[in-house]
1. Using only the alpha carbons of the chain, what is the convex hull's orientation-averaged projected area in square nanometres?
2. Can you compute the label reach from Ile21? Point 7 Å from Cα along the Cβ direction, backbone N cut-off under 19 Å, restricted to the range 98-114.
3. Return the long-range amide H neighbours of Ser106 (sequence gap of 5 or more, or a different chain), with a cut-off of under 5 Å between placed amide H atoms.
4. Which whole-number percentage describes the relative contact order of the chain, with Cα contacts under 8 Å and a sequence gap of 6 or more?
5. Tell me, what is the FRET efficiency for Ala297 and Leu109 to the nearest 0.05, using R0 = 35 angstrom and their Cβ-Cβ distance as r?
6. Mean residue ellipticity at 222 nm from the helices of the chain, using -39,500 (n - 2.57) per DSSP H segment of n ≥ 4 over the full residue count, to the nearest 500 deg cm²/dmol?
7. Which length gain, in nm to one decimal place, applies between His36 and Asp213 when the Cα-Cα distance is subtracted from 0.36 nm times their residue separation?
8. Which log10 I(q)/I(0) values does the range 149-271 give at q = 0.14, 0.18 Å⁻¹ under the Debye formula, counting every alpha carbon as one identical point scatterer?
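Read-outs throughout are calculated quantities, based only on the coordinates presented, and are distinct from any laboratory measurement. Every value quoted in this text rests on a predicted model; they were computed, and no experiment measured them. As a convention, Cβ positions derive from the backbone with ideal geometry for all residues, glycine included, and neighbour counts pool all protein chains shown.
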Amino acid sequence: MAALVPFDDRDGFIWWDGKLIPWRDAKLHVLSHGLHYGSAVFEGERAYGGNIFKLDAHTDRLIESGRLLGFEIPYSAAQINQACIEVMAANNLTDAYLRPLAWRGSEQLAVSAQHTKIHLMIACWEWPNLFGADRLKGVRLGLADWRRPHPQTAPTASKAAGLYMIGTLAKHKAEAEGYNDALMLTWDGFVGEATGANLFLVIDGKLHTPTPDCFLDGITRKTVIALARARGIEVVERHIPFADLARATEAFLTGTAAEITPVRQIGPDLSYAPSTITETLLADYEALVLMPPEEVAKRAA
Ligand code: PMP
């Protein structure tokens, strides 16, 4: 593995509570509520050719994620959008991954945290694809022991930092077994998603995808559904039993970091070959992300 460049030792600027500050100065006090109690929400966004794809949708989800954790981010959607654009420009990036994060500060350090300040930072860096060189040959998903929690057990519609604890456990096990990522089931045993991306299957020429009622309804997921419908491909959202994985001929993941990534294997027994539907949607997605935001708004829901 190539030497890792630690995230705290890079050049550039980070937007923090309204100001651009040098990257290495963006340090947090260890007694921050977000660190101890997981009271943090974040976004993952991608810019292509200088335009942040679906910026409004990401900003709206960030604000809503905070509300689901009981806090209000102290910036308007327009201010957050502007900050995303500013931090990209400050880092001289046009094709980048952006990471806004909002968290409770250090005024209180107990379960009750009503008077903590809500902070917001936005960083960006180059990140070609979540799966790197493995992406286009298709990734292999191991089977996770951990499941997505019931929506009454955790705020599952929020992109809350704490929920990623389960994803990291699942992904580490999958990687230790030689897979690229893990397929997580829902709390009640249906097919869920990967640790940072939604799943689609092609069954009898139709696109099937799990109903996102206990995990994130991804922005890429919604985009791909719109692209498929525009092509006349029928899309079925439903609870998918594990046994249906054997009926699928194609499978792929969707996510901001994963984009559209073909899946070539799930667990030890199931294999897939990307074919017409995956390839068509992948090409349509790659064309869409390069369009100006006004055009994107016209074409995809
Ligand atoms: N599920 C999880 C757990 C994720 O982290 C992500 C990435 N944000 C997704 C799904 C896909 O969401 P999106 O398409 O909005 O990036």
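1. About 15.5 nm², averaged over all directions.
2. Inside the label zone: 99-108.
3. His33, Lys117
4. It rounds to 17 percent for the chain.
5. 0.25
6. Here the helix-only value at 222 nm equals -8000 deg cm²/dmol.
7. Working it through step by step, the gained length comes to 61.0 nm.
8. -0.58, -0.98
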